[in-house]
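Colleague: Below you will find the structure I want to go over with you.
The values are calculated or read from the model by the stated rules, or taken from the named source; none is laboratory data. As the structure is a computational prediction, the values presented were derived from the model and not from experiment. Glycine also receives a Cβ, built like all others from the backbone with ideal geometry; neighbour counts cover every protein chain displayed. Please note that ligands, DNA and RNA were not included when accessible areas were found on the heavy atoms of the full protein model with its side chains. Shrake-Rupley method; radii C 1.70, N 1.55, O 1.52, S 1.80 Å.
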Amino acid sequence: MNVPEFLDPALWLRPDAGPRYVQLRQRLTDGIDQRILKPGASLPPERIIATITDLSRVTVRKAIKSLAEDGIVVQKQGFGSFVATDTPQIEQSLSRLTSFTEDMTRRGMASTSVWLERGVFMPSPDEVVALGMSQDASVSRVARLRTADGKPMAIERASLPTTILPNPLEVTTSLYEVLEATGLRPVRALQKISAINLGPADAELLAVNEGEAGLRIERTSYLADGRIVEFTQSIYRGDAYNFVAELRLAKEPET
Ligand code: 16G
């Protein structure tokens, strides 16, 4: 059921069931509980809710204000009202080459990792291609569920040539910190981002429902001399990340 159908007053508004704003508040709360209105989703504008429900805007405003007072929705000046979420909202620049640990520290959040895989392996065909290595070389894998203030944010599977990271067990908190210590921290990276619907295993790790939106990110990072440092395949929670890129007008070719 979509939101306008759900708010159809024929389904819930009763003349004898108390104040109308309380009934609307209850209907919106039910929609949030049933995830018709999902955490972080915007509520339809007051004007639209008033049109669908045939209630006055004053009544609609009162219902939303009461939800906001109880922390069920969050009102953002100039942007409207959103279903409250306990998922941290991360705005991530696409132009800075930072590590997960640094990104979270900068936001005052504690980052932790749950290990999924850590060791030296024979490279998979994908790793051979992505890392530009020979088939008989070995690869260090560092795969983690990354959390911020205890909330799962991303699954990151990094592969590095063992010439760059000979002992993956050295990575306890930050991979980039270990690389920095050996003078092999990447200085440049290419990143590819695509939209996905989370499969059952990834959804379980990220503590969201199967089929929810996620972002698949592939990062290949390089040293100044062009050597490849890492090939990392990550799955980020779609409800937690906003990637931001600054765009500039391309310079007109000089004539
Ligand atoms: C970031 C990078 C990842 C890198 C990790 C190192 C993206 C999509 N990924 O999460 O490629 O391996 O940082 O983090 O940004 P760490 O130093 O905290 O282990």
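Colleague: Comparing 83, 244, 208, which has the greatest mean-square fluctuation in the GNM of the chain with Cα pairs linked when under 10 Å apart?
Modeller: Looking only at 83, 244, 208, the biggest GNM fluctuation is shown by 244.
Colleague: Using R₀ = 22 Å, calculate the FRET efficiency as 1/(1 + (r/R₀)^6) where r is the Cβ-Cβ separation of residue 180 and residue 151; round to 0.05.
Modeller: On the way: r = 26 Å, r/R0 = 1.20.
The value I calculate is 0.25.
Colleague: If each residue of separation counts as 0.36 nm, what is the full-extension length gain between residue 167 and residue 245 once their alpha-carbon separation is subtracted?
Modeller: Working: separation 78, 0.36 × 78 = 28.08 nm, distance 3.45 nm.
The residue 167-residue 245 span can extend by a further 24.6 nm.
Colleague: Now for a separate question. Could you check which residue among 42, 140, 221 shows the biggest mean-square fluctuation in a GNM of the chain with a 10 Å Cα cutoff?
Modeller: Comparing 42, 140, 221 in a Gaussian network model of the chain, the most mobile one is 42.
Colleague: Under 14 Å from the Cβ of residue 40, count the other residues' Cβ atoms, weight Lys and Arg +1, Asp and Glu -1, and hand me the total.
Modeller: Values: positive: 35, 38, 76, 151, 237; negative: 86, 91, 212, 239.
With Lys, Arg at +1 and Asp, Glu at -1, the neighbours total +1.
Colleague: Rolling a 1.4 angstrom probe over the protein heavy atoms, how many square angstrom per residue are accessible across the stretch 1-84?
Modeller: Numbers: 4980 Å² over 84 residues.
Per residue, the stretch 1-84 has 59 Å² of solvent-accessible surface.
Colleague: In percent, what relative contact order does the chain have, based on Cα pairs under 8 Å that are 6 or more apart in sequence?
Modeller: Working: 427 pairs, mean separation 39.1, N = 255.
Relative contact order comes out at 15 percent.
Colleague: Can you give the calculated 222 nm mean residue ellipticity of the chain, where each DSSP H run of n ≥ 4 adds -39,500 (n - 2.57) and the sum is split over every residue, rounded to the nearest 500 deg cm²/dmol? Don't skip to the answer; put the middle values down first.
Modeller: Details: 8 runs with 67 residues, N = 255.
Calculated at 222 nm, the ellipticity per residue is -7000 deg cm²/dmol.
Colleague: For the stretch 3-83, what relative contact order do you get, as a whole percent, if you take Cα pairs closer than 8 Å and at least 6 residues apart? Before the final figure, lay out each step's value.
Modeller: On the way: 81 pairs, mean separation 26.8, N = 81.
In percent, rounded to a whole number, it is 33.
Colleague: What angle do you read, to the nearest 10 degrees and between 0 and 90, between the alpha-carbon axis of helix 57-69 and the longest principal axis of the chain?
Modeller: Once rounded, one gets 50 degrees.
Colleague: What accessible area per residue comes out for the stretch 129-230, rounded to a whole number of Å², with a 1.4 Å probe? It would help to have the intermediate numbers written out before the result.
Modeller: On the way: 4960 Å² over 102 residues.
Here the per-residue accessible area is 49 Å².
Colleague: Cut-off 10 angstrom, C-alpha nodes, Gaussian network model of the chain. Which of 222, 241, 21 fluctuates the most?
Modeller: 21
Colleague: Relative to the present Cα-Cα distance, how much length would full extension add between residue 47 and residue 69 at 0.36 nm per residue of separation?
Modeller: Values: separation 22, 0.36 × 22 = 7.92 nm, distance 2.03 nm.
Extra length from residue 47 to residue 69 when fully extended: 5.9 nm.
Colleague: Give the carbon-plus-sulfur fraction of the accessible surface of the stretch 168-247 in %, rounded to a whole number; probe 1.4 Å, heavy atoms of protein chains only. All intermediate terms of the calculation are to be shown ahead of the outcome.
Modeller: Working: 2190 of 4300 Å².
Roughly 51 percent, rounded to a whole number.
Colleague: Could you tell me what a quarter of the Cα convex hull surface of the stretch 3-83 works out to, in nm² with one decimal place? Intermediate values should be presented prior to the final figure.
Modeller: Details: hull surface 19.4 nm².
With every direction weighted equally, the projected area is 4.8 nm².
Colleague: In terms of modelled amide H atoms, which long-range or inter-chain residues lie less than 5 Å from the amide H of residue 85?
Modeller: Amide H neighbours of residue 85: 40.
Colleague: Round to a whole number: what % of the accessible area of the stretch 15-126 belongs to carbon and sulfur, probe 1.4 Å? Let's see the in-between values first.
Modeller: Details: 3440 of 6620 Å².
Solvent-exposed carbon and sulfur of the stretch 15-126 make up 52 percent of the total.
Colleague: Let me ask something else. Rg(Cα) of the stretch 106-255 divided by 2.2 N^0.38 Å? Working shown, then result.
Modeller: Values: Rg = 17.0 Å, N = 150, 2.2 N^0.38 = 14.8 Å.
Here the Cα radius of gyration is 1.15 times the empirical estimate.
Colleague: By how many degrees, between 0 and 90 and to the nearest 10, does the Cα long axis of helix 20-33 differ from the longest principal axis of the chain?
Modeller: Helix 20-33 sits at roughly 30 degrees to that axis.
Colleague: Return the lysines within reach of residue 192: Cα separation strictly under 29 angstrom, same-chain partners fewer than 8 residues apart disregarded; answer none if there are no such residues.
Modeller: Cross-link targets: 38, 151, 251.
Colleague: On to the next question. What percent antiparallel are the DSSP beta bridges of the chain, to the nearest 5? Write out the running numbers ahead of the final one.
Modeller: On the way: 50 of 54 bridges.
If I count the DSSP bridges inside the chain, around 95 percent turn out antiparallel.
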